[in-house]
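Following: one structure in structure tokens, then a few remarks.
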Amino acid sequence: MDKRRRGGGVCGNRPPSYVERTYELHDQQKFNFRQFIIQLQTKLYESQMEKDALADLRMKESRKQSELLEQLQGALQELDSLKQTGEQKLVEAEDTAKAFKRRAETMEEMLQDMFARLSHYEKRSGKGNYLRCDGTFSPSKILLGPAVEKALEDLENENYDLQDRLQLACHLLLFTLCYQI
């Protein structure tokens, strides 16, 4: 029985160094297996850490993109507001331009009326050529200011002449009346 305990039976025929090597090999395999498990656990831990880091990075990127999207939406709203303001100002400017155009047309009509009246006065009075034109009105060709000024001077002179005549007639009338009495 002692032979069986020491490794008798089939294994007993083999030299004891083989059994020792088998145990050593078994121990070495257990050690390698444990080392492999530790390496796998380390790799799993590192992979989990990388996964967590990537998840954090994705979360940060997602927040940044969300903030950027909000900024872009704010900028778009501001641009839309500026566009609407610009369009409103353009409409106001067009309305102002139309009002100025109507005013300019009214002023041109008034100038044409003044030209017509001055031209009619010139023909009727037979006095000087105030307008010095061919009979057509063009504000850029005719300076109405000097023409009106000349006509007013002539009217004032005529008025003075008429006043002088009136005074002379009054004096003559008085003189005549005085000699008749």
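For 24, 87, give the ranking by accessible area with the largest first, probe 1.4 Å.
Working: 24 115, 87 95 Å².
So, going from the largest accessible area down, we get 24, 87.
For the range 23-72, what class follows from the C-alpha gyration tensor (a ≥ b ≥ c being the square roots of its eigenvalues): rounded when a/c is under 1.5, otherwise prolate if a/b is larger than b/c, else oblate?
Note, shape of the range 23-72 comes out prolate.
The values are calculated or read from the model by the stated rules, or taken from the named source; none is laboratory data. Here the structure is a predicted model, which means the values were calculated and not measured. Surface areas here come from the heavy atoms of the whole protein model, side chains and all, with no ligands, DNA or RNA. Shrake-Rupley method; radii C 1.70, N 1.55, O 1.52, S 1.80 Å.
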